[in-house]
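The structure appears below as structure tokens.
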Amino acid sequence: MNQHEEGLVRQYRGVISALGVVAMKGEDVTERVKKAVTEHCEHFRILKSSEPQNNLIAYRAALKMASHTTHESQPQVKATYDYALSICPTEL
């Protein structure tokens with residue numbers, strides 16, 4: 001069994017990134033981020049090929065890293081990552 005699904009975590013971080021780009025255009029993405037994070041976590045719960053908690057830990061780490069490395073000229077993108085992280089559970 002894999003420790004976590006690296007490709008899936010990367011893909012899901014990309015979903016949040018794309019919503020950050022939408023936020024840069026002035027759209028409110030709050031509900032879409034909530035829906036995405038909920039769906040991502042639910043998918044982690046049902047995966048059989050890796051530990052759900054490990055996927056969640058990797059996902060949270062990816063969101064945090066993305067927030068910390070987002071350029072200051074993109075505050076909406078950073079805020080989107082931060083919001084996603086704030087609503088993401090710490091345990092499944």
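The values are calculated or read from the model by the stated rules, or taken from the named source; none is laboratory data. Source: prediction; values computed, not measured. Here the Cβ positions follow ideal geometry from the backbone for every residue, glycine too, while neighbour counts run over all protein chains shown. To get the accessible areas, we keep the full protein, side chains included, count just its heavy atoms, and leave off ligands, DNA and RNA. Shrake-Rupley method; radii C 1.70, N 1.55, O 1.52, S 1.80 Å.
Checked against the criteria, G7 counts as open to solvent by less than 80 Å² (accessible area, probe 1.4 Å) and without any contact (Cβ under 8 Å) to a residue 12 or more places away in the chain. The criterion of being farther than 14 Å from H4 by Cβ, of a type outside the set (A, V, I, L, M, F, W, C) and in contact with a Leu (Cβ under 9 Å, 6 or more places away or on another chain) holds for T80.
The residues of region 74-92 that are closer than 15 Å to S17 by Cβ, open to solvent by 40 Å² or more (accessible area, probe 1.4 Å) and either of a type in the set (S, T, Y) or in a helix (DSSP H, G or I) (or both), listed by number, are P75, Q76, K78, A79, D82, Y83.
Set side by side, the residues A36, A23, A66 differ, and just one is open to solvent by less than 40 Å² (accessible area, probe 1.4 Å), modelled with pLDDT of 95 or more, in contact with a Lys or Arg (Cβ under 9 Å, 6 or more places away or on another chain) and in a helix (DSSP H, G or I), which is A66. Of all residue pairs spaced 6 or more apart or on separate chains, those with beta-carbon atoms under 8 Å, a first member in region 40-57 that is closer than 17 Å to G14 by Cα and a second member that is aliphatic (A, V, I, L, M) and open to solvent by less than 60 Å² (accessible area, probe 1.4 Å) are H40/V15; C41/L56; H43/L8; F44/L56; N55/L8; N55/V9; N55/L47.
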